[in-house]
1. Got a number for the accessible area of S254? Probe 1.4 Å, square angstrom, nearest 10.
2. Within the chain, which is the longest segment containing none of the GluC sites (Glu not before Pro) that sit in a DSSP loop and have at most 16 other Cβ atoms within 10 Å?
3. Heavy atoms only, probe 1.4 Å: what % of the accessible area of the range 270-363 goes to carbon and sulfur, would you let me know?
4. Between S228, P258, F272, whose Cα lies farthest towards the positive end of the dipole of the range 207-278 when Lys and Arg beta carbons carry +1 and Asp and Glu beta carbons carry -1, centred on the Cα centre?
5. Quote to one decimal, in nm, the extra length available between A195 and S168 on full extension: 0.36 nm per residue of separation minus the C-alpha distance between them.
6. Angle between the Cα long axis of helix 272-285 and the longest principal axis of the chain, 0 to 90 degrees, nearest 10?
7. Could you provide, to the nearest whole Å², the per residue accessible area of the chain with probe 1.4 Å?
8. Compute the length gained on full extension between R441 and D184: take 0.36 nm times their separation in residues and subtract their Cα-Cα distance, giving the result in nm to one decimal.
Amino acid sequence: MNICCIGAGYVGGPTMAMIALKCPDITVTVVDMNAARIAAWNTGNLPIFEPGLDEVVKQARGRNLFFSTDVAGHIKQADIIFVAVNTPTKTYGVGAGRAADLRYIESVARTIAEHAESNKIIVEKSTIPVKTADAIQTIVASNSKGLKFQGLSNPEFLAEGTAVKDLSNPDRVLIGGERTPDGDKAVAALAGVYAHWVPRDRIITTNLWSSELSKLVANAFLAQRISSINSISALCEATGADVDEVANAIGKDSRIGPKFLKASVGFGGSCFQKDILNLTYLCESFGLPEVAAYWNSVVGINDWQKRRFAGRIVKELFNTVADKKIAVLGFAFKKDTNDTRESAAIAVCRDLIAEQAQVVVYDPKVPAHEIIHDVVGNAHEEPRLTVATSAYEATKGAHAIAIVTEWDEFKTLDYAKILAGMQQPAFLFDGRNILDLPRLRALGFRTSGIGK
Ligand SMILES: NC(=O)c1ccc[n+]([C@@H]2O[C@H](COP(=O)([O-])OP(=O)(O)OC[C@H]3O[C@@H](n4cnc5c(N)ncnc54)[C@H](O)[C@@H]3O)[C@@H](O)[C@H]2O)c1
């Protein structure tokens, strides 16, 4: 069997590497129009950082895992084509700021229609609005070669930072297909790929629309838990309750459960916000404004939480941060990834710069040029923003530290040494609640956590 995956990003790369590792009898080729990305997948310096991914790629690459820019050639050879291209929020026209931009999906469908020379199973791996399979089907079916294309939905549930673990031991694999004999055959073929390592009872099959919608709903529910606890964090700060203690107390209830109850400066990443906006746009399109408003508030609380964090820094630093040096520790949207898309750090840096602070960022995995680009865009250099090569360098002479990403190395820094090099009084804002704040207070820091 030959598998081709179009899109060598955070999903296509790791997902296909895992399929290749677990299925030595299947040839897997990941293709992308981004030649630099493909070149990086073929080196020892992979384009994305994920714990354990280097080893998986090393084992399978050159054996049955390949990375190529020859999109057309590998479409021709493939039995199954995964589509793992990006589906960002639309920035123009109708639905701007909310609807998914499906231009990459459509262009892939047209490329498949143009180059396919045999029947194919086309698997939507990207997260897309419900009914996108219809559009793909219409485009590929319009080729005049009389070929059969069977569309499946197989959304990806991996979390960045734990992608390898999630892929090797998924809670479930979801496959949606048409309820027809050909549809059932395609579902069975894809289930057979995953069955190389995933127990059959964890491979769920549904109709196409349930599968497409489940991915948006899963992300909406996950994000909703974060916004729920973050909304409570503000109440904790006002009342003297401790949000970690509240989360622990409610999480012991088996109906609620302990996961995704960590208060923080806010969620980031390429998916949560985009997928909720997409969901709300869908609801409105189907005449359900009340449902849209409900889910929209999850994004609203997240934006508010990010602003609230920056606002608290300003307030506690005697209502002015102008020309004060603030060390921002962490820039990736979460630990163990170099992905910065929608990271809370971007909003925090921008707000502090708007207040004329001197912001110095340190992140163990994100390159300096990317940090600067994310905060100020292409426009110009921002003299108020610099990037340090260590936490110690970033905090030297600073008035305050803001922890924005929960990197493990921030838990074991020598905070006594850091304090000695800072302006006094020295402030520490823990946006992820990863530090022992009473201990830091005893050292001499003025500390604030989220919901504390
Ligand atoms: N990142 C995650 O954690 C995650 C998790 C689950 C689902 N998803 C979904 O998976 C999809 C991909 O996400 P990602 O984070 O991997 O995106 P990404 O931007 O990292 O990768 C997408 C890749 O597709 C390529 N591409 C776009 N159009 C192409 C075309 N016509 N031909 C060839 N290559 C093309 C781009 O060059 C890019 O390298 C999105 O729909 C996303 O919502 C992402």
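1. Counting only protein heavy atoms, the figure is 110 Å².
2. Looking at the chain, 118-380 is the longest stretch - no exposed GluC sites (Glu not before Pro) with at most 16 other Cβ atoms within 10 Å.
3. Carbon-and-sulfur percentage of accessible area, whole number: 55.
4. F272
5. This chain segment gains 8.6 nm when fully extended.
6. Here the helix axis deviates by roughly 60 degrees.
7. Counting only protein heavy atoms, the per-residue value for the chain is 43 Å².
8. 86.3 nm
The values are calculated or read from the model by the stated rules, or taken from the named source; none is laboratory data. If you're wondering where the values come from, they're calculated on a predicted model, not measured in any experiment. Here the Cβ is made from the backbone with ideal geometry for all residues, glycine too, and neighbour counts use every protein chain on show. Just so you know, the surface numbers come from the protein's heavy atoms only, side chains and all, with ligands and any DNA or RNA stripped out. Shrake-Rupley method; radii C 1.70, N 1.55, O 1.52, S 1.80 Å.
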